[in-house]
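Read through the structure below, which is laid out as structure tokens, and then see the notes.
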Amino acid sequence: MKIGIIGAGNIGGNLTRRLTALGHDVSVANSRGPRTLTELAEETGATPVAVEEAARGAEVVVITIPVKAVPNLPSGVLDGAAEGVAVIDTNNYYPQQRDGRVDEIEDEGITESRWTERRVGHPVIKAFNGTYAQDILDRPLPAGDPGRMALPVAGDDEAAKARVRALIDELGFDTVDAGGIDDSWRQQPDTPVYGLRAGVAEVTKALAEASPERPAAFKG
């Protein structure tokens, strides 16, 4: 499968490593340009590209950059993607720690992934946002293993969500359907499932126990 990754930080870099190892055709981009990705490309065989080219022909696109950087993505960043492309949003809103206040999120009470959808003009699937980056490398297990971790996945496009869940299964993790994007507050920072290393039953329970009230530490 052709996969575009926008963002080469901890999550983006480790997804590049795992997905290329699984045989996928990965293009990776960051804000500093493809020349800064030579080392990652040599290590993995991924193709370093400009952000404008990351989605070209891609069946899955991963957006894994700080929330504050999302408005700076090029207009039409998803132009040229394959029909029915699944767009994964790994982002978290950290207003006090990194991103500054985003009025739309705070005043309208929308989820951070709904806000990202509006910026990129395409439905997104929220996944990997509460996953430790190193776990992507260190904790995959075969399907059926009792120690296998489960990741919550939220989104409105059921076909795209199914594709993302299948990809996560291929990476070595179970998934739990966390509902639509308007339900994705259940996996935002400081919720019970955020950073949880557990199986399907525990992740399902943690999602059910989440509160819709944004914690004070994550308000602008």
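The values are calculated or read from the model by the stated rules, or taken from the named source; none is laboratory data. Computed from a predicted model, the values in this text were never measured in an experiment. For neighbour counting, all protein chains shown are included, and Cβ atoms are generated from backbone atoms with ideal geometry for every residue, glycine included. Side chains included, ligands, DNA and RNA excluded: accessible areas come from the protein's heavy atoms. Shrake-Rupley method; radii C 1.70, N 1.55, O 1.52, S 1.80 Å.
In a reduced charge model with +1 at each Lys and Arg Cβ and -1 at each Asp and Glu Cβ, the range 17-101 shows a dipole moment near 420 debye about its Cα centre. Beta-bridge orientation, the chain: approximately 10 percent antiparallel, per DSSP, counting only bridges with both partners inside. Each part reduced to its alpha carbon centroid, the range 1-75 and the range 162-181 end up 20 Å apart. Between ARG139 and VAL200, the modelled label-to-label distance comes to 1.8 nm, taking each label 7 Å out from Cα in the direction of the beta carbon. For the range 185-220 versus the range 88-102, the inter-centroid distance based on Cα atoms is 16 Å.
Once backbone amide H atoms are built at 1.01 Å from N, ILE125 has VAL87, ILE88, ASP89 as its partners under 5 Å, excluding neighbours fewer than 5 places away on the same chain.
Couplings 3J(HN,Hα) for the range 90-101, derived from phi with the Karplus relation 6.51 cos²θ - 1.76 cosθ + 1.60 (θ = phi - 60°), are 9, 6, 10, 8, 10, x, 7, 8, 8, 8, x, 6 Hz, where x marks Gly and Pro.
Could you work out [θ]222 nm for the chain from helices alone, using -39500 (n - 2.57) per DSSP H run of at least four and dividing by all its residues? Round to the nearest 500 deg cm²/dmol.
The helix-only estimate for the chain comes to -8000 deg cm²/dmol at 222 nm.
The simple spin-label model puts a point 7 Å past each Cα toward its Cβ; for GLU158 and ALA82 those points are separated by 2.2 nm. Protection proxy ranking of 153-161, 18-26, 195-203, by the mean of other Cβ atoms within 10 Å over each peptide's residues and highest first, is 153-161, 18-26, 195-203. By the equivalent-ellipsoid construction on the alpha carbon gyration tensor, the chain comes out with semi-axes of 25, 22, 16 Å, ordered largest to smallest. For the chain, the number of Lys pairs with C-alpha atoms closer than 22 Å, counting only pairs eight or more positions apart or on separate chains, is 8. Rolling a 1.4 angstrom probe over the protein heavy atoms with all chains in place gives the range 22-68 an accessible area of 50 Å² per residue. Think of the range 28-176 as a dipole: +1 on every Lys or Arg Cβ, -1 on every Asp or Glu Cβ, centred on the Cα centre; then among ILE110, LEU137, VAL120, LEU137 lies furthest on the positive end. Considering only Cα atoms, the convex hull volume of the range 124-216 works out to 88 Å³ per residue. Taken one residue at a time, the phi angles of the range 10-18 give Karplus couplings (6.51, -1.76, 1.60, θ = phi - 60°) of 4, 5, x, x, 6, 5, 4, 4, 6 Hz. Gly and Pro are set to x. Using a probe of 1.4 angstrom and keeping all protein chains present, the accessible surface of the range 157-215 works out to 45 square angstrom per residue. Put a dot 7 Å past the Cα of TYR132, heading toward its Cβ, do the same for GLN96, and the two dots end up 2.4 nm apart. Rounded to the nearest 20 debye, the dipole size of the range 129-212 about its Cα centre is 180 debye, using +1 on the Cβ of Lys and Arg and -1 on the Cβ of Asp and Glu. May I ask you to give the percent of accessible area on the range 61-220 that is carbon plus sulfur, with a probe radius of 1.4 Å? With neighbouring chains kept in place, the figure for the range 61-220 is 48 percent.
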